[in-house]
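Undergrad: My structure is below; once you've seen it, I'll send some questions.
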Amino acid sequence: MHPSRSKTLVSLAATSALILGGLAFAVPANAAPVSASAVAAAATEPEAVTLTAQQTTDVNAISAASDTVNQSFDATSAVQAGASETAVADAAAVLSTGGWTVTGAVDASASVASQKVVAAAAACAGSNGYQGYFFPIGSQFASDSCNTTKIIAAVGLGIAGAGVVTAALVLIGVTAAAAPVAGLVTAIIAFGAAALVTCQAFSSNGAILINLGGAPTASCWGQ
């Protein structure tokens, strides 16, 4: 993160910081205008999100089977680690559209929900990847315009789409190497699609930066 952006978010009293209902958005100087309806939608308090035992296993297994360096997903390894076949099929569908190689057997069909996430984006702008850990905002991840749209669509599925959310986050470098994945998945689901849409609206190219696991537990702004 550039020092100026870090200072902007830490200094919440600065004019470039916007606090909505407990959700923090650091607004770049060149931010595009955001509609009043989008601001109102993002201002709602997030509800607590809890994964089931199987969803937690799905999230951790999908993350562990994802090689972000070589951009490959080992479906067999994810199943052997306890992930459900549907969750693995969903992850494979989402990751393959991000240019990833899927190895191993995928014995189930991707859900309709994951197919909608796959179809959510086309031409891409911006960058992807883990940016590092910054106090107090937590682990920061860059998300290009395509992956941002996929993440918004996945988060819109709610808790039922935890495996799809995990795959969408893996595309931007969210793995266990950065932080416990299950906690990051629940944080962004609680944060909500409307808040992410607001952050995307602040971006000149549709790409955003997502901060997870800090204070607040989720925050973002436009690239």
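The values are calculated or read from the model by the stated rules, or taken from the named source; none is laboratory data. Since the model is a prediction, treat every value here as computed from it, not as a measurement. Because the Cβ atoms are built from the backbone with ideal geometry, glycine has one as well, and the counts that use them run over all protein chains shown.
Undergrad: Closer than 21 Å to residue 73 by Cα, small (Gly, Ala, Ser) and touching a helix residue (DSSP H, G or I) at 6+ places or on another chain (Cβ under 7 Å) - does that describe any residue in segment 174-182? Before you say what the answer is, go through the steps one by one.
TA: We begin by selecting, within segment 174-182, every residue closer than 21 Å to residue 73 by Cα; these are 174-182.
Restricting the remaining residues to those that are small (Gly, Ala, Ser) gives 176-179, 182.
If we keep only those that are touching a helix residue (DSSP H, G or I) at 6+ places or on another chain (Cβ under 7 Å) too, we end up with 176, 182.
Yes, segment 174-182 contains a residue that is closer than 21 Å to residue 73 by Cα, small (Gly, Ala, Ser) and touching a helix residue (DSSP H, G or I) at 6+ places or on another chain (Cβ under 7 Å).
Undergrad: Next question. Return the residues of segment 63-78 that are out of contact with any Gly (no Cβ under 6 Å at 6 or more places or on another chain) and touching a residue at least 12 places away in the same chain (Cβ under 8 Å); say none if nothing qualifies.
TA: Applying the first criterion (out of contact with any Gly (no Cβ under 6 Å at 6 or more places or on another chain)) to segment 63-78 yields 63-67, 69-73, 77-78.
Those that are out of contact with any Gly (no Cβ under 6 Å at 6 or more places or on another chain) and touching a residue at least 12 places away in the same chain (Cβ under 8 Å): 63, 64, 65, 66, 70, 71, 72, 73, 77, 78.
Undergrad: Can you go through 158, 163 and tell me which one is small (Gly, Ala, Ser) and surrounded by fewer than 21 Cβ atoms within 10 Å (Cβ to Cβ)?
TA: Working: 163 fails: surrounded by fewer than 21 Cβ atoms within 10 Å (Cβ to Cβ).
Answer to the selection: 158.
Undergrad: Give 91, 105 a once-over and let me know the one that is touching a helix residue (DSSP H, G or I) at 6+ places or on another chain (Cβ under 9 Å), under 27 Å from residue 53 (Cβ atoms), touching a residue at least 24 places away in the same chain (Cβ under 8 Å) and in a loop (DSSP other than H, G, I, E, B). Step through it out loud before you land on a result.
TA: Values: 91 fails: in a loop (DSSP other than H, G, I, E, B).
Result: 105 is the single residue among 91, 105 that is touching a helix residue (DSSP H, G or I) at 6+ places or on another chain (Cβ under 9 Å), under 27 Å from residue 53 (Cβ atoms), touching a residue at least 24 places away in the same chain (Cβ under 8 Å) and in a loop (DSSP other than H, G, I, E, B).
Undergrad: Moving to a separate point now. List, please: which pairs have Cβ atoms under 6 Å, are six or more places apart or on different chains, and start with a residue in segment 120-144 that is assigned to a loop (DSSP other than H, G, I, E, B) and end with one that is crowded, with 17+ Cβ neighbours inside 10 Å and among the β-branched types (Val, Ile, Thr)?
TA: Taking only residues 6 or more apart or on different chains, the pairs are 120/149; 121/149; 128/172.
Undergrad: Return the only residue of 219, 204 being in a loop (DSSP other than H, G, I, E, B) and over 21 Å from residue 63 (Cβ atoms).
TA: Working: 219 fails: in a loop (DSSP other than H, G, I, E, B).
Sole residue among the options that is in a loop (DSSP other than H, G, I, E, B) and over 21 Å from residue 63 (Cβ atoms): 204.
Undergrad: Within the group 125, 81, which residue is more than 22 Å from residue 146 (Cβ to Cβ), surrounded by fewer than 18 Cβ atoms within 10 Å (Cβ to Cβ) and among the aliphatic types (A, V, I, L, M)?
TA: Numbers: 125 fails: more than 22 Å from residue 146 (Cβ to Cβ).
Selected residue: 81, the only one of 125, 81 that is more than 22 Å from residue 146 (Cβ to Cβ), surrounded by fewer than 18 Cβ atoms within 10 Å (Cβ to Cβ) and among the aliphatic types (A, V, I, L, M).
Undergrad: Are there any pairs with C-beta distances below 7 angstrom linking a residue in segment 169-190 that is more than 17 Å from residue 153 (Cα to Cα) and among the small types (Gly, Ala, Ser) to a residue that is in a helix (DSSP H, G or I) and modelled with pLDDT of 90 or more, with the two at least 6 apart or on different chains, and if so which?
TA: From segment 169-190, the pairs are 176/63; 176/64; 182/56; 182/59; 182/60.
Each row is one residue, and each column tells you yes or no for (1) touching a Leu at 6+ places or on another chain (Cβ under 9 Å); (2) surrounded by fewer than 17 Cβ atoms within 10 Å (Cβ to Cβ).
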{"residue": "51", "(1), (2)": "no, no"}
{"residue": "70", "(1), (2)": "no, yes"}
{"residue": "96", "(1), (2)": "no, yes"}
{"residue": "100", "(1), (2)": "yes, no"}
{"residue": "106", "(1), (2)": "no, no"}
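Undergrad: Select from segment 189-223 the residues that are touching a Cys at 6+ places or on another chain (Cβ under 7 Å) and under 16 Å from residue 129 (Cα atoms) and list them in ascending order.
TA: 208, 209, 210, 211, 220, 221, 222
Undergrad: In segment 69-92, what count of residues is obtained for those that are in contact with a strand residue (DSSP E or B) (Cβ under 8 Å, 6 or more places away or on another chain) and under 22 Å from residue 189 (Cα atoms)?
TA: Filtering segment 69-92 for residues in contact with a strand residue (DSSP E or B) (Cβ under 8 Å, 6 or more places away or on another chain) gives 70-76, 91-92.
Next cut, under 22 Å from residue 189 (Cα atoms) only: 91-92.
Qualifying residue count for the region: 2.
Undergrad: Any idea which of 195, 154 is within 22 Å of residue 86 (Cα to Cα) and assigned to a helix (DSSP H, G or I)?
TA: Working: 195 fails: within 22 Å of residue 86 (Cα to Cα).
None of the other options fit; the residue is 154.
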